[in-house]
Each structure stands twice: as C-alpha cells, then as structure tokens.
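Encoded as structure tokens, the structure appears first; notes follow it.
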Amino acid sequence: MRIPRLCALATKASALCFAAFCLSSSLASAQSIFKMPEINVFAGYSLLRFDSVPFGFAKTLNLNGGNMEVSLPDLYQGIGIAADFSGHHSPQAEQFNFMIGPQYRHEVKGVDLFGHILFGKTRTRLLEIGTAQFQPSTLGYSVALGGGLDIPVGKRFSIRPIQADYLVSSEFGSRRHNIRYSTGLVIKFGKKTEAPSF
C-alpha cells in the first residue's frame with residue numbers, strides 16, 4: 001500500500017518540478033525580451049521661438065523657460081514613451097505645453113540619440129497685445145516632432161547638450177509653428193538597459 005502511494009507522491013513531485021522548471025524558463029525568456037525599464041528624468045533650460053507675428057507683433061518672440069521630461073526610454077528594443085512639460089515666458093507672452101508620446105533611441109559610439117513625436121495641449125497667454133485684438137488666453141492642441149542626444153557622465157547622469165522640437169499648436173483659432181530648443185541634465189533611475197547600437 002505504501003509503495004503505490006510513494007510512487008504517486010513521486011509522480012506529483014516530478015510534475016510540480018517540471019512545471020516549476022517550465023515556468024522559470026518562461027520567466028527567464030520573458031525577462032530577456034522585456035527588461036525592467038529604467039526611468040530617465042530630464043530638466044533644463046529651454047528657448048521657444050514663438051510665432052507671434054500673426055498676433056500683431058513686429059517679429060518672432062524669444063520666450064525663455066524650462067523643460068522637464070520623464071521617460072521610459074527602452075520598454076522594448078529602444079522603443080519607449082516620454083511625458084514632456086515645458087513653460088516659457090516673456091514680457092509679451094507665455095506658453096505652457098503638456099505632451100506625451102512614443103520615443104525611440106539608439107546608441108552611437110557611447111552617445112544616446114533619440115527622436116520622438118509628442119501629442120498634448122498648449123496654453124498660450126498674451127500679456128501684451130499687439131496690433132491684433134485677440135483674446136488674452138487660449139487652450140489648444142499641440143504636436144511636437146523632434147529629438148536630441150544625451151552624453152553619459154557616469155552611470156546615473158547624462159548631459160543633454162541639445163534637444164530640438166518643431167512644435168505645431170492651435171492658438172486663438174489658428175495654427176502656429178514654433179521651434180523649441182532645450183538643454184540640461186538627465187538623471188537615470190532603475191535598471192540600466194543597453195540601447196541598440198549601430
């Protein structure tokens with residue numbers, strides 16, 4: 001009576017071990033494909049070339065401000081996602097952008113190059129009205145197409161010397177085309193992943 005019971009227990013134990021082995025193999029395979037992502041936080045100075053002539057100003061305005069971005073840069077083979085926030089101000093106008101979208105990066109000789117397309121909202125306020133009488137504030141859509149490069153400084157930090165974005169936004173019932181330049185520091189959190197290299 002004991003031998004069949006022992007055999008049954010041994011069979012169950014073997015089946016459990018085999019199932020555990022298969023599960024661990026599947027998890028290891030999944031981890032090799034989908035790695036735990038790192039989180040990058042960028043913050044720095046930003047300059048916005050504001051398309052202000054249609055609002056009655058004599059020339060394009062330069063708005064100074066800041067740009068912050070939180071990204072998961074490598075969710076799958078260099079493809080990630082970025083959330084971008086920026087604010088710019090001058091005595092004549094100010095603008096705030098809140099955008100999110102896909103991002104792709106790859107490494108070239110130790111430098112991370114990235115490109116993204118972002119979608120979101122733009123809040124524009126005219127502090128000094130030009131010759132055209134527009135409403136002082138408006139909220140519209142925004143789309144940014146751009147990219148930049150990060151130069152690693154140690155394991156947890158990178159310097160972003162340039163990020164440039166072509167920013168299309170809806171302001172006061174019309175479409176505006178602005179250029180945004182940003183520069184600053186990137187801080188990396190979480191597990192470091194290797195960007196695709198060429």
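The values are calculated or read from the model by the stated rules, or taken from the named source; none is laboratory data. Since this is a predicted model, take the numbers as computed values, not measurements. All Cβ positions, even for glycine, are placed from backbone atoms using ideal geometry, and neighbour counts span all protein chains on display.
Summary of computed values
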{"item": "Candidate set from the range 157-180 (those that are within 20 Å of Ala43 (Cα to Cα) and of a type in the set (Gly, Ala, Ser)); member that is surrounded by the fewest Cβ atoms within 10 Å (Cβ to Cβ)", "result": "Ala164"}
{"item": "Some residue of the range 88-102 being outside any strand (DSSP E or B) and either under 16 Å from the mean Cα position of the chain (by Cα) or in contact (Cβ under 8 Å) with a residue 40 or more places away in the chain (or both)", "result": "yes"}
{"item": "Pick from the range 98-145, criterion touching a helix residue (DSSP H, G or I) at 6+ places or on another chain (Cβ under 7 Å) and either surrounded by 14 or more Cβ atoms within 10 Å (Cβ to Cβ) or modelled with pLDDT of 90 or more (or both), ranking: farthest from Leu48 (Cα to Cα)", "result": "Phe134"}
